[in-house]
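A short write-up of the structure that comes next.
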Amino acid sequence: PEKVREFRIPEHNLSKLRDGFEKLAKRAVKLGVAAPSFAEVRIEREIEVLSGVTGESAWVLESEIVPPNATGGIRIYHIVKVEGETPKLAGWSLQGIIEHLPGEGNMLRKVPTVEGDLPAEYRDADNGCDHCKLARHRVETFVLKHDNGEYKKVGRQCLSDFLGGVNPDSLARGAEIIFSAAALCGEFEEGGYGERERSGFSINAVVA
């Protein structure tokens with residue numbers, strides 16, 4: 001089963017990520033939803049090794065055995081995941097949003113705090129709604145899961161009626177903020193190290 005997505009953040013981007021989540025928390029307050037956060041899952045360290053043939057450098061995960069061609073250079077990555085409340089109303093939690101792209105099929109965006117796979121049928125699902133049963137032009141439909149394990153695909157305009165008259169705005173706002181948290185992590189996953197840039201030096205490699 002698909003796990004919660006993990007993001008590989010270069011060490012020099014970690015403070016920027018924290019700043020970004022602080023701003024996101026202020027935005028969450030304005031939207032009236034719970035602020036997401038990120039948790040560090042583990043730290044990965046890569047060491048630089050040189051090719052004996054070309055002299056070019058490559059980066060490999062650090063282990064107890066230091067390669068004889070290690071330069072001592074090291075790069076540090078913080079593996080993080082998004083944490084927060086999965087948007088939920090009237091016993092139905094938002095699992096994902098299906099974006100229907102004309103001529104291109106579907107793009108399925110799973111809520112980053114949801115573990116496990118979404119039903120495979122939603123990857124190729126049409127833009128119909130399980131509630132109104134009407135075939136309308138819809139840009140997106142919402143994949144919801146009930147506490148009893150039942151899944152439903154519902155159009156945005158049908159959410160209120162489907163949820164028994166409950167205003168679905170908080171569900172949409174919760175989705176907006178949790179997807180923004182994932183996008184923020186993705187942003188700082190990029191812009192990593194330059195070709196020969198490093199975090200510092202590995203003591204083990206230098207001693208070896």
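When the convex hull of the Cα atoms of segment 52-159 is projected onto a plane and the area is averaged over all directions, what value comes out in nm²?
The number I arrive at for segment 52-159 is 12.2 nm².
Given a Förster distance of 35 Å, report the FRET efficiency between ASN167 and VAL41 from their Cβ-Cβ distance, rounded to the nearest 0.05.
So the FRET efficiency works out to roughly 0.50.
List the residues, sorted by chain then number, that are 5 or more residues from VAL33 or on another chain and whose placed amide H is less than 5 Å from its amide H.
none
Can you work out the FRET efficiency for the pair MET107 and ASN69, with r the C-beta to C-beta distance and R0 = 35 Å, to the nearest 0.05?
Between MET107 and ASN69 the formula returns 0.25.
Considering the convex hull of the alpha carbon atoms of segment 1-100, report its projected area averaged over all viewing directions, in nm², one decimal.
Quarter of the Cα hull surface area: 11.1 nm².
For the chain, what is the charge dipole size about the Cα centre, in debye to the nearest 20, if Lys and Arg each add +1 at the Cβ and Asp and Glu each add -1 at the Cβ?
700 debye
I need to check one value: relative contact order of the chain, counting alpha carbon pairs closer than 8 Å and at least 6 residues apart, in percent.
Relative CO of the chain lands at 28 percent.
Once the piece of chain linking LEU31 and LEU50 is laid out straight, how much longer is it, given 0.36 nm per residue of separation minus the C-alpha distance between them?
Length difference between fully extended and current span is 1.7 nm.
Counting heavy atoms of the protein chains only and a 1.4 Å probe, report the per residue accessible area for segment 1-148 as a whole number of Å².
Ligands and nucleic acids excluded, the figure is 57 Å² per residue.
Could you give me D for segment 73-129, from Stokes-Einstein at 20 °C and 1.002 mPa s, where the hydrodynamic radius is the Kirkwood radius over C-alpha pairs? Units µm² s⁻¹, please.
153 µm²/s
Just how much of SER15 is accessible, in Å², when a 1.4 Å probe is used and the result is rounded to the nearest 10?
70 Å²
Just want the answer: with Cβ charges of +1 for Lys and Arg and -1 for Asp and Glu, which residue in ILE74, PRO112, VAL60 is farthest toward the dipole's positive end in the chain?
Of the options given, the answer is PRO112.
Quick one: helix 169-189 against the long Cα principal axis of the chain, what's the angle to the nearest 10°, folded into 0 to 90?
The helix 169-189 is inclined about 20 degrees to the chain.
Build a GNM of the chain with springs between Cα atoms under 10 Å: which of PRO112, PRO36, PRO102 gets the top mean-square fluctuation?
Highest fluctuation among the options: PRO102.
Reachable lysines from LYS153, Cα under 29 Å, same-chain residues fewer than 8 places away excluded?
Within the straight-line limit of under 29 Å, LYS153 reaches these lysines: LYS3, LYS30, LYS81, LYS88, LYS110, LYS133, LYS145.
Ignoring ligands, DNA and RNA, please state the percent of accessible area on the chain from carbon and sulfur, probe 1.4 Å.
That fraction is 50 percent.
Would you mind checking segment 153-178 for residues with the amide N under 12 Å from a putative spin-label position 7 Å along Cα→C-beta of CYS132?
Counting only backbone N, you get 154-162.
Pairing the Cα long axis of helix 14-31 with the longest principal axis of the chain, what angle in degrees results, from 0 to 90 and rounded to the nearest 10?
In the chain, helix 14-31 runs at an angle near 20 degrees to the longest axis.
Quickly estimate the mean residue ellipticity at 222 nm for the chain, helices only: each DSSP H run with n ≥ 4 gives -39500 (n - 2.57), and the total goes over all residues, rounded to 500.
My calculation for the chain gives -7000 deg cm²/dmol from helical runs alone.
The values are calculated or read from the model by the stated rules, or taken from the named source; none is laboratory data. If you're wondering where the values come from, they're calculated on a predicted model, not measured in any experiment. Note: ideal-geometry Cβ built from the backbone for every residue, glycine included; neighbour counts use all protein chains shown. Protein only, heavy atoms only, side chains kept; ligands, DNA and RNA dropped before computing areas. Shrake-Rupley method; radii C 1.70, N 1.55, O 1.52, S 1.80 Å.
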